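Please read the structure below before turning to the comments.
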Amino acid sequence: MIENINSKNKSSRYGLAAPGIRIFTRICDFIIVLLVSFSCASAIFLTDPNFKGEFNFIISEPWRYFCFSIIATSLFFIYFIIQPYFWKGKTLCMKLFKLAIYNQLLTHWLFNLIKHEMFIWIIYSFISFAFSLILCVVGYTKGAKISYQIITSLFSITKNDNEYYIYKIFFLTLNGVMIILIISIIISIIAHPKRQAWHDKFSNIVIVKTVDIIGDKDKNNNLNNKLITPKRNYSLPGGILSNPNDEINQI
């Protein structure tokens, strides 16, 4: 636990975020971004001239693949990088559950955020971005039907003996690697005494939970006094102890 003193009698303590609430918060954040991305996908693809009310249709304008990829990547970047950068280490759901990103370095805040998200979605997003560019180029050079065949080959449950089967193998492998990475992150969060996953260490980040308190003098004078949330900085001084219940003497 670390402590930030804001006045003589008021302080904030920051305990290590429990694995369960941290994982649940992350899932909620992803759901929000995915819902917005799905809405954007509907607006982009269902306005294609070939859409006649059935979802199994060939997209006649290949630029829509590239456009959606840019929007989806931008949404993830804004939500998981820009938002905590300007909102003192918090996403929307982290704010709701009183979690925050603790930057162990006083510098390189934005760079550390990018490193922290690198193996969760950034690499995958850039590969998907490159794939959408390929679909766009193929659609304009070889026809929209070819792009459609490449897309359907990714979701085919039977082996196709055509030239597009390699795309399916590539993305199945990529998805498998991403699943392994996410599982390893969850295991390391649970197992590490400081609740630091390997990608947290890589980016010099710890996820903490804010506990706002008031001093003993204030509590004795008015037991019903409402807690006042103090203003704090995301780059907090001090170390983090292994036991979130450990106390730190006030300065």
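Rounded to a whole number, what % of the accessible area of the range 82-197 do carbon and sulfur atoms account for, probe 1.4 Å?
On the way: 4790 of 6590 Å².
Ligands and nucleic acids excluded, carbon and sulfur give 73 percent.
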Which three extents, in angstrom, do the Cα atoms of the range 93-143 have along their principal axes, listed largest first? 51, 26, 13
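The values are calculated or read from the model by the stated rules, or taken from the named source; none is laboratory data. Bear in mind the structure is a predicted one, so any value in this text is a computation, not a measurement. Keep in mind that these areas ignore ligands, DNA and RNA; they rest on the heavy atoms of the full protein, side chains included. Shrake-Rupley method; radii C 1.70, N 1.55, O 1.52, S 1.80 Å.
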